[in-house]
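The values are calculated or read from the model by the stated rules, or taken from the named source; none is laboratory data. The structure presented is a predicted model; accordingly, all values stated were derived computationally and were not measured. Ideal geometry is used to build each Cβ from the backbone, glycine not excepted, and the neighbour counts take in all protein chains shown.
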Amino acid sequence: MPRDTEALPEKIRALKKEKNALIVAHNYQIDAVQEIADVVGDSFALSKYCATASQDIIVFCGVHFMAESAKILSPRKTVLLPERTAGCPMADMVTAADVQELKRRHPRAAVVCYINTSAAVKAECDICCTSSNAVKVIQSLKEEEIIFVPDKNLGSYIAAQVPEKKMIIWEGFCVTHHRVTVEEVIRVREAHPDALVLVHPECRPEVVALADFVGSTKQIIDFATASAEKKFIIGTEMGVLYRLKKDNPEKTFYLLSPGLICPNMKKTTLKSVYNALTQMQYPIEVAEEILIKARSALERMLQVT
Ligand code: 13P
Ligand code: SF4
């Protein structure tokens with residue numbers, strides 16, 4: 001480990017070249033990690049990018065299900081998750097056995113899982129979705145009944161957009177986004193009446209109902225960047241503020257709630273990325289029979305969108 005942490009970005013760049021590695025980072029990563037990454041994006045953009053990347057090694061700065069999805073789509077590549085314990089509490093709220101039981105109870109339903117799930121859960125599903133393509137994915141299905149796991153808030157958002165489908169929604173939620181309350185929206189709107197409210201669909205339906213725009217992290221960044229408006233209240237994890245402020249220095253951004261921090265996304269540091277590259281840690285492994293089934297759910301999603 002270099003003694004001078006200021007030298008880390010340089011060392012990481014050199015190692016990346018030497019090892020033919022790709023560094024990807026989710027929009028919620030800390031500023032320094034976003035800065036060192038080759039690509040920064042939302043779950044959908046990153047999974048698509050990794051599927052076609054030419055590098056042999058992918059260092060995935062994000063949480064476990066994201067790195068695992070990259071591995072499923074590129075099984076021959078080495079996919080590293082720099083922080084072993086960076087997980088997603090929402091992904092842990094549903095198991096493969098839970099999905100099997102849902103399928104037994106609703107045999108005619110199509111089974112859709114949010115990308116925020118384990119490989120074992122994906123393996124039980126027909127198709128995957130992310131927050132940026134969920135509505136399109138559901139609309140693409142011929143079945144009228146849809147089992148959706150694990151996010152009840154994203155599930156409610158989809159149900160409102162696609163009322164012709166009968167949604168059977170699991171009761172999971174994101175601890176970070178679910179924390180945002182209607183009272184907070186009202187308070188922040190009162191403080192900044194000329195600002196637009198942009199929220200992630202993982203927020204509660206009552207919060208989503210008060211928003212001016214609902215979308216994935218990338219869609220929120222793109223919306224604010226393209227908008228002629230100058231002030232925005234951001235209802236997703238605070239990591240997106242880095243890109244928003246960098247790309248829009250003339251605009252003002254307010255975080256909807258101080259609770260919008262995902263501790264798992266904040267575990268990865270430049271040191272973790274450096275250690276990942278020097279020690280090849282921590283490689284993602286997925287059992288062959290699970291990988292094949294989970295890949296079919298992810299690939300079907302990539303075909304729709
Ligand atoms: P995005 O797909 O919008 O990046 O969201 C991922 C996530 O974990 C949101 O909490
Ligand atoms: Fe999971 Fe929520 Fe963190 Fe996204 S913000 S990784 S859904 S806990």
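Annotations
- Of the residues screened, K218 is not one that is among the basic types (K, R) and closer than 28 Å to D98 by Cα.
- Flag for Q219 being of a type in the set (S, T, N, Q) and in a loop (DSSP other than H, G, I, E, B): no
- Matching entry among A25, A37 (being in contact with an Asp or Glu (Cβ under 9 Å, 6 or more places away or on another chain), within 15 Å of ligand 1 (Cβ to nearest atom) and at pLDDT 95 or above): A25
- Residues considered: V197, V180, V207. Of these, the only one that is more than 16 Å from ligand 2 (Cβ to nearest atom) and either in a helix (DSSP H, G or I) or at pLDDT 95 or above (or both) is V197.
- Condition met for T268 (buried (at least 17 other Cβ atoms within 10 Å of the Cβ) and either within 24 Å of E83 (Cα to Cα) or at pLDDT 95 or above (or both)): yes
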